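So the structure is just underneath, and the comments pick up after that.
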Amino acid sequence: MEVDLKIKTKRWITIIIIMIVVIVSDQVTKELAKEYLADSPTISYWGNFFLLHYAENDGAFLSMGSNWPAPIRIIFLTIIPVIFLIVLFFVVLFSKDMDEMTTIAFALILGGGLSNMWNRIFNNGFVVDFMNMGIGNLRTGIFNVADMAITTAFFMIVFHMIIHRIQHKKTEQST
């Protein structure tokens, strides 16, 4: 019982620390973007590979939903994601068999999602984006630190699933 409590405490601390780091770094960089990029021309680094450009996104990923009517945007871009984040938070905190990599990935999603939701709720439905990467016309959409955390989590989960599947096949073959 004592070992179980130590494991739960360690998981909860890990989740909270990751969420705080993501939320604080995202909110600070968004404030810096507002202050230094909002009324400035695009700043280019490494031959236009990395660009800093202020944008207010009232849609989701790649501005999807930005042309939807306001009530639909509120439902699909605020209410449903908030419900999802609340459910995910409790699943991550109370799941008995979640491994460390999945826990970290979900904590990144929670931190990024909560930070973007905070921004959307207290910024008239907009999320501040300010980074863009690419070569020539092959570019990412404009994104922020919260988006980076969520994207990193996605790749962690995919990588973890692939490794798990490979290990499972090896186990099946050896039996």
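Every read-out reported here was derived from the displayed coordinates using simple, explicitly stated rules and does not represent laboratory data. In this text, all values refer to a predicted model and were calculated from it rather than measured experimentally. No Cβ is skipped: glycine too gets one built from the backbone with ideal geometry, and neighbour counts run over all protein chains shown.
The table for this structure:
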read-out: Farthest toward positive dipole pole in segment 1-158 [+1 Lys/Arg, -1 Asp/Glu at C-beta], among 125, 102, 43; value: 102
read-out: Neighbour-limited loop hits for chymotrypsin sites (Phe, Trp or Tyr not before Pro), segment 98-175 (at most 15 other Cβ within 10 Å; DSSP other than H, G, I, E, B); value: 126
read-out: Distance in nm between pseudo-label sites at residue 87 and residue 66 (7 Å out along the Cβ direction from Cα); value: 2.9 nm
read-out: Between segment 81-123 and segment 130-170, the alpha-carbon center distance in angstrom; value: 17 Å
read-out: Reachable lysines, given that their alpha-carbon falls under 18 Å from the alpha-carbon of residue 96 and they are not under 8 places away in the same chain; value: 6, 8, 10
read-out: Taking the chain and dividing mean pair separation by its residue count, relative contact order in percent (alpha carbons under 8 Å, at least six apart); value: 30 percent
read-out: Total charge dipole magnitude, the chain, about the Cα centre, Cβ charges on Lys, Arg, Asp, Glu only, Debye to nearest 20; value: 420 debye
